[in-house]
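Chemist: First the structure, then my questions, so here it is.
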Amino acid sequence: MTDETRKNLTEAFIGEAKAFFRLRAFAKKAQEEGYPQIAALFRAIATAEQAHADQHFALLEKVKSTEENLKYSFEKETFVNEVAYPEFLRQAWADEDRHAVWAFTSARNAEERHGNLYKAALANMLTDREAVYYVCSYCGWVEESACPEKCPNCQRPAEFFIRVA
């Protein structure tokens, strides 16, 4: 694959991934406003955009062994937690934007938790056990094994958690 094609595939992947999330948000808003048929359309096209992103990502050969994927994910979470979000927070504080400060702080805390989960998974790769996770749909916090009564990060009640197995 040429460098130019790789660059184009990367841009296409990013565009398709963004479209997926944008359309999911649009679907949620359409549903809230009482347009279930339009919400379904947004969800359907979001699913199509996800298929495109999957294809582009596969061609970029970014998926390695599980151990390599865990190490890479740990490194990315660590960078986001220790470098990116602190920079975002400095700017939000300077702008006195309390909503952005909360969003960045909440995300940073969740990213730190994600990194810890990846690190533990790396240490226990050979453990033969079923894993169940609970994800806060509001802030992205992840708990392992049991759903908390309230989110340790954003304090939302247990109803905000989604079980992922």
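Here, each number is a calculation from the coordinates, and none is a lab measurement. Predicted model, so just to flag it, every value in this text is computed and none were measured. Quick reminder, even Gly has a Cβ in these numbers, built from the backbone with ideal geometry, and neighbours come from all protein chains shown.
Chemist: In what order do Cys151, Cys139 fall by count of nearby beta-carbon atoms within 10 Å, going from fewest to most?
Modeler: Neighbour counts put them in this order, fewest first: Cys139, Cys151.
Chemist: Moving on. Once you list every other residue whose beta carbon is under 14 Å from the beta carbon of Arg108, what net charge do they have if Lys and Arg are +1 and Asp and Glu are -1?
Modeler: Summing Lys and Arg as +1 and Asp and Glu as -1 gives -2.
Chemist: Quick one: net charge of Lys119's neighbours, Cβ under 14 Å, K/R +1, D/E -1?
Modeler: So the environment of Lys119 carries a net charge of -4.
Chemist: Round to a whole angstrom and tell me the spacing of the C-alpha centers of the range 91-165 and the range 6-54.
Modeler: The range 91-165 and the range 6-54 have Cα centres separated by 24 Å.
Chemist: For the residues Thr105, Thr2, what sequence is obtained by ranking on other C-beta atoms within 10 Å, fewest first?
Modeler: The order, fewest Cβ neighbours first, is Thr2, Thr105.
Chemist: Here's another thing I want to ask about it. Would you mind counting up the charge near Ala39? Only other residues with Cβ under 13 Å from its Cβ, with Lys and Arg at +1 and Asp and Glu at -1.
Modeler: Cβ neighbours under 13 Å give a net charge of +2.
Chemist: At 222 nm, what value in deg cm²/dmol follows for the chain if DSSP H runs of at least 4 each add -39500 (n - 2.57) and the sum is divided by all its residues, to the nearest 500?
Modeler: Value at 222 nm, helices only, nearest 500: -22000 deg cm²/dmol.
Chemist: If amide hydrogens are placed 1.01 Å from N in the peptide plane, which non-local residues have theirs closer than 5 Å to the one on Phe161?
Modeler: Sorted by chain and number, the residues that satisfy this are Ser137.
Chemist: Follow-up. With charges set only on the Cβ (+1 for Lys and Arg, -1 for Asp and Glu), what does the dipole of the chain come to about its Cα centre, in debye to the nearest 20?
Modeler: 280 debye
Chemist: Testing the spin-label approximation: label points 7 Å from Cα along Cα→Cβ at Thr47 and Ala165. State their distance in nm.
Modeler: For Thr47 paired with Ala165, the spin-label model returns 2.3 nm.
Chemist: Karplus couplings for the range 75-85 from phi (6.51 cos²θ - 1.76 cosθ + 1.60, θ = phi - 60°), rounded to Hz, Gly and Pro as x?
Modeler: Here the 3J(HN,Hα) series is 4, 5, 5, 5, 4, 4, 5, 9, 10, 5, 5 Hz.
Chemist: Work out the P(r) tail for the chain: percent of alpha carbon pairs separated by more than 23 Å, whole number.
Modeler: 58 percent
Chemist: Which value in Å does the Kirkwood hydrodynamic radius of the range 3-59 take, with 1/r averaged over all unlike C-alpha pairs and then inverted?
Modeler: Every distinct Cα pair counted, the radius reaches 11.7 Å.
Chemist: Same structure, new question: Using only the Cα atoms, what convex hull volume per residue in Å³ does the range 66-128 have?
Modeler: 62 Å³
Chemist: Would you check the range 2-97 for Lys pairs whose C-alpha atoms are within less than 28 Å, ignoring same-chain pairs closer than 8 in sequence, and give me the count?
Modeler: For the range 2-97, qualifying lysine pairs total 14.
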